[in-house]
Amino acid sequence: MPSPARRRQLGSFYTPADVADRLVAIALDGLPGEPVVCDPACGDGVFLLAAARALARRGVAVATIAHELLWGCDVDAGAVAAARAAIGAWSGVDPGDHLLVGDGLCVGDRWRDRFDAVVGNPPFLNQLERATVRRSPLPPALQPFTKPYTDTAWLFLVVARGLVRDGGRVILVQPQSLVAARDASSVRDAVAPMLAGLWWCNDALFDASVRVCAPLLDFGVPSARVRRWSGRDAREIEPIDRIEAPHSAWSALVPSDVPITVEAVARPGLVTLASIATATAGFRDEYYGLQPFVIDEPGGHLPKLVTSGLIDAGGVSWGERPTRFGGQRYLHPRVDVDDSRFDGRVRRWVEQRLVPKVVVATQTRVVEVAVDARGRWVPSTPVIAVQADPVQLWRVAAALSAPAVSAWAMRRHAGAALSPDAIKLSAAQVLEVPLPWDDVAWQRGADALAAGRLVEAGEAMTRAYGSGDEVFEWWRSRLPAAVTASYCDRVRVGGQGIMEP
C-alpha cells in the first residue's frame, strides 16, 4: 500500500469493503443478466471485488466474472498489481488485460466497449492545493468543466457518461462539495438529467478529513424523483423531487435534521438583504498581502484584524482568545497601516473596509455575526463584510442571526462547508438572505442583539420570520454553551464583545 504522503499526492483514499458492497448493490440493482462493471480509478480493487461478490450471488460463474465482467484502471501500477492479485486470489482466474495502468480521465479510447455499470472512488485532487494537484494535463474535452477550484473527482462523472451504455448506471464516490460548490456547477449541469439518486455520508470513512457522497446516474428512463440513501449503511430514506434549474446546487437532496424548508423562510414577495446592503469577502491576494503587516499589539490606534474564529454569535473575542493568521498565533492581532511598505492594492482594500459594517464568520454551526459600529476591524479572509446604512447595522445583524436564516442556509447550501454540520456562505449568498416580514419583531430582535441578549434576539427574530418554536429550539441547541452564557446572560458594554469600545 502506498505511504500516506504518496496517497495524498495521488488523492487516493481507499474505500472500506462494506461501503463498496452497498454502493455496488445500488448500482447493480435492476440491471439484468451479467452486467459488465468498470472502475476507472480502481486502486487495489475494492469496488471490483464488491461487484464480483454481487455477481457471484446472482449465480454468475466465478471464472466468467473475473475474466470477462470486471474492468478497471489506475495511474498507480502498484495498485493495479494489487487489484489483479486480489481478483485472482478470489477467483483463481487471471483477470487478463482488463486491468490497465493509466489515467482514468484519458483511458476511455483504450476500451473497445461501453459498460453496464461504472463504479468506484476516484482520486480527490484539488486544483489549487500543491500537495494534491494533478501532474498531467487534462484532456481538451474536460477543459470546459475545469475551474480554479475544480476537484478532479468531479470530472470522473463527466468521463463516465462516455463509458456507460444506454440503460447503464454510474455511482462514484465524491467529496460533498460536489453538491454546492460554485466550480462544480458545470459538472452538475452535465449529469443532472441522469441523476437518479444520492448517497450521503457524514461518517469519517477515510483518513482524509473530507466527507463524501455518491450520486447515482441512470442512463435509462429518467425518473421524476431522486432516491436518497444516508450513512455508512446506506439506508434508504424518502426520495425528493428532481432538481431541474440550470446551475442549481443539489443541497436540497442532502439529508438534514433542519426543521424548516427553504420555502418557509423565502416566502413569495419577500425582499432580500441585497436591497439594503452590500457584501464582500477577501481572497488569497488579500490574505497573503496582509501577512507582513499583522502585529500583536494589545493597545493603540491600529485597526484590529478579525478572523472567522474570533467571531461569536453576536460579538467578537479579540484579545480574549488567541487566533492564527498566516501560520502564526496572535492574541491581539492588528494591521500595521502605518508601515511605510503598506501600500497599493491591499491598502486600498483595507481602507474600503474600515467603515461601519457587520462581519460574518464561515464554517459555523449557526450564522455568526458581529457589528463593527466604529469601522475599526479588518475582516480576515474569508470573513464576509456586510455594509449598510449605519442605522441599519443592528437590523442587518439581527436578520443574519435569526434562527430561520441559519436553518435556511443549512438547507439551501448544505455541502459547501468543510464539516457536514457547518454553514458556509459566500458574500453573494449572504445577500440572498430573505428579510423578515414582521418589522416590529425585527426591530425588537435588533435591539435585543445590540444589548447583548442573544437568546431574546433569537426569540424575536423567530416571530419576525414566523418560523416557529421548533426552529428556535434547533438553533439554540447549536449555540456553544460558552457563547450562550457570555452573550445571553449579561450585557457587555465596554468590552470586546457585543459593543466595540
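What follows draws every value from the coordinates through simple rules; no lab data is involved. Just so it is clear, the model here is predicted, and its values are computed rather than measured. Cβ coordinates were reconstructed from backbone atoms using ideal geometry, including for glycine residues, and neighbour counts include every protein chain displayed.
Structural remarks
- For the chain, the longest principal axis of the C-alpha atoms and the axis of helix 403-412 are separated by about 30°.
- Zone of residue 34's modelled label, taken as backbone nitrogen in region 134-169 under 11 Å from a point 7 Å along Cα→Cβ: none
- The long axis of helix 46-57 is offset from the longest Cα principal axis of the chain by roughly 50 degrees.
- Inter-label distance, residue 241 to residue 190: 2.9 nm, where each label sits 7 Å from its Cα along the C-beta direction.
- Using a Förster distance of 35 Å, the FRET efficiency for residue 272-residue 481 (Cβ separation, nearest 0.05): 0.60
- Calculated FRET value between residue 18 and residue 392, using beta carbons and R₀ = 56 Å, to 0.05: 0.55
- Proximal aspartates and glutamates to residue 424, defined as alpha-carbon separation beneath 19 angstrom and excluding residues fewer than eight positions away on the same chain: 151, 183, 257, 312, 368, 432
- Sites residue 61 and residue 204, calculated FRET efficiency, Cβ-Cβ separation with R0 56 Å, nearest 0.05: 0.90
- Figure legend: label point modelled 7 angstrom from the Cα of residue 256 along Cα→Cβ; residues of region 184-207 with amide N under 19 Å from it are 184-185, 197-203.
- Fully extending the segment from residue 182 to residue 422, taken as 0.36 nm per residue of separation minus the present Cα-Cα distance, adds 84.7 nm.
- In the chain, the longest principal axis of the Cα atoms and the axis of helix 152-161 are about 50 degrees apart.
- Mean residue ellipticity (222 nm) of the chain, computed from DSSP H runs ≥ 4 via -39,500 (n - 2.57), nearest 500: -8500 deg cm²/dmol
- According to the calculation over all Cα-Cα pairs in the chain, the P(r) per 20 Å bin from zero is 22, 46, 27, 5 %.
- Inter-label distance for residue 291 and residue 85, nm, one decimal - labels placed 7 Å from Cα along Cα-to-Cβ: 4.2
- The stretch between residue 341 and residue 53 holds 97.1 nm of extra length on full extension. This uses 0.36 nm per residue minus the Cα-Cα distance.
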